Amino acid sequence: MNGLINILQISIAAVLVQNLVLARFLGLCPFLGVSKKLSSATGMGMAVIFVMTVASMFTWVIHNYILIPMDVAYLQTIVFILVIASLVQLLEMSLQKFSPALYEALGIFLPLITTNCAILGVAVLNTGINEFTGNSFTFIESLVNGIASGVGFTLALVLMAGVREKLELANTPKALEGLPAAFLVGGLMALAFLGFSGLNFFASVGG
């Protein structure tokens, strides 16, 4: 039972309370760059969920069974980036083959997933301490954290895209057209998500 509660805590925290984009402010480049159209935002979100989930699995195993036993944990950033780059390359070739339209829509932002700090951030967080148990992340916990963080990233991206599509039809002052309006909307969304931090039943073991 405690295991299920822990999984639920990690999931809700990753999606809402500690949302990568709106609370930790990671992955802002694709958040602003690929949120002009809902279809592109959804495609990018699915791609990030896939890469983030698989990267969480591989990096956790590599960190715990190779880097730590060999006492070379200081290489984790380089190794994690290599793993993420390999996964993105695989995803890019798959989309080019099976979904050319989505491949064209994502454009330069697809290979840039490699340098998306949100994905590297989740991989690094999974090597740390689970604030709800006070122990290191297990393999299942890191996997759940990877999936939920990807879902949280997609949620922020899709919400932003929905608002920006409506703004295109609105009578917006010329000075606010484009990125200025996007920055204002992003700030308001971050303030709204700040309200989730009041969920006291997700308090950590230290709090």
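If you go through region 40-56 one residue at a time, do you hit one that is part of a loop (DSSP other than H, G, I, E, B) and in contact with a helix residue (DSSP H, G or I) (Cβ under 9 Å, 6 or more places away or on another chain)? Checked against the condition, which is being part of a loop (DSSP other than H, G, I, E, B) and in contact with a helix residue (DSSP H, G or I) (Cβ under 9 Å, 6 or more places away or on another chain), region 40-56 yields no hits at all.
If the requirement is being at positive phi and of a type in the set (Gly, Ala, Ser), which of these qualifies: 146, 178, 198? Working first, answer last.
On the way: 146 fails: at positive phi; 198 fails: at positive phi.
Going through 146, 178, 198 in turn, just one is at positive phi and of a type in the set (Gly, Ala, Ser): 178.
Every listed requirement among (1) crowded, with 18+ Cβ neighbours inside 10 Å; (2) over 15 Å from residue 63 (Cβ atoms) is met by residue 133 save one, (1).
Among the residues of region 118-130, just one is crowded, with 20+ Cβ neighbours inside 10 Å, at pLDDT 90 or above and outside any helix (DSSP H, G or I), namely 126.
Check 11, 86 and return the single one that is surrounded by fewer than 18 Cβ atoms within 10 Å (Cβ to Cβ), free of Cβ contacts under 8 Å to residues at least 12 places away in the same chain and not basic (Lys, Arg).
Details: 11 fails: free of Cβ contacts under 8 Å to residues at least 12 places away in the same chain.
When all the criteria are applied, what remains is 86.
Going through region 15-56 one residue at a time, which ones are surrounded by fewer than 19 Cβ atoms within 10 Å (Cβ to Cβ) and over 17 Å from residue 116 (Cβ atoms)? Within region 15-56, 17, 36, 37, 38, 39 qualify. Residue 81 meets each of the listed conditions (1) surrounded by fewer than 18 Cβ atoms within 10 Å (Cβ to Cβ); (2) over 13 Å from residue 116 (Cβ atoms) apart from (2). For residue 101, indicate whether it is in contact (Cβ under 8 Å) with a residue 24 or more places away in the chain and assigned to a helix (DSSP H, G or I). So residue 101 fails the test.
With the requirement that a residue be touching a helix residue (DSSP H, G or I) at 6+ places or on another chain (Cβ under 7 Å) and farther than 17 Å from residue 125 by Cα, what does region 58-87 give you? Those that are touching a helix residue (DSSP H, G or I) at 6+ places or on another chain (Cβ under 7 Å) and farther than 17 Å from residue 125 by Cα: 85, 87.
Return yes or no: is residue 153 touching a helix residue (DSSP H, G or I) at 6+ places or on another chain (Cβ under 8 Å), at pLDDT below 90 and either open to solvent by less than 40 Å² (accessible area, probe 1.4 Å) or assigned to a helix (DSSP H, G or I) (or both)?
Values: touching a helix residue (DSSP H, G or I) at 6+ places or on another chain (Cβ under 8 Å): yes; at pLDDT below 90: no; either open to solvent by less than 40 Å² (accessible area, probe 1.4 Å) or assigned to a helix (DSSP H, G or I) (or both): yes.
Against the criterion (touching a helix residue (DSSP H, G or I) at 6+ places or on another chain (Cβ under 8 Å), at pLDDT below 90 and either open to solvent by less than 40 Å² (accessible area, probe 1.4 Å) or assigned to a helix (DSSP H, G or I) (or both)), residue 153 does not qualify.
So if I check each of 142, 197, which one is under 30 Å from residue 69 (Cβ atoms) and assigned to a helix (DSSP H, G or I)? Selected residue: 142, the only one of 142, 197 that is under 30 Å from residue 69 (Cβ atoms) and assigned to a helix (DSSP H, G or I).
Looking at 159, 106, 199 in this structure, which one is modelled with pLDDT under 90, open to solvent by 40 Å² or more (accessible area, probe 1.4 Å) and out of contact with any strand residue (DSSP E or B) (no Cβ under 8 Å at 6 or more places or on another chain)?
Details: 159 fails: modelled with pLDDT under 90; 106 fails: open to solvent by 40 Å² or more (accessible area, probe 1.4 Å).
Answer to the check: 199.
Out of all the residues in region 62-78, which are open to solvent by less than 60 Å² (accessible area, probe 1.4 Å) and part of a helix (DSSP H, G or I)? Talk me through it step by step, then tell me what you get.
We begin by selecting, within region 62-78, every residue open to solvent by less than 60 Å² (accessible area, probe 1.4 Å); these are 62-64, 67, 72-73, 76.
Those that are open to solvent by less than 60 Å² (accessible area, probe 1.4 Å) and part of a helix (DSSP H, G or I): 62, 63, 64, 67, 73, 76.
The values are calculated or read from the model by the stated rules, or taken from the named source; none is laboratory data. None of these values were measured; they are calculated from a predicted model. We place every Cβ from the backbone using ideal geometry, glycine too, and count neighbours over all the protein chains shown. Each accessible area value is taken on the protein alone, full model and side chains, heavy atoms only, with ligands, DNA and RNA left out. Shrake-Rupley method; radii C 1.70, N 1.55, O 1.52, S 1.80 Å.
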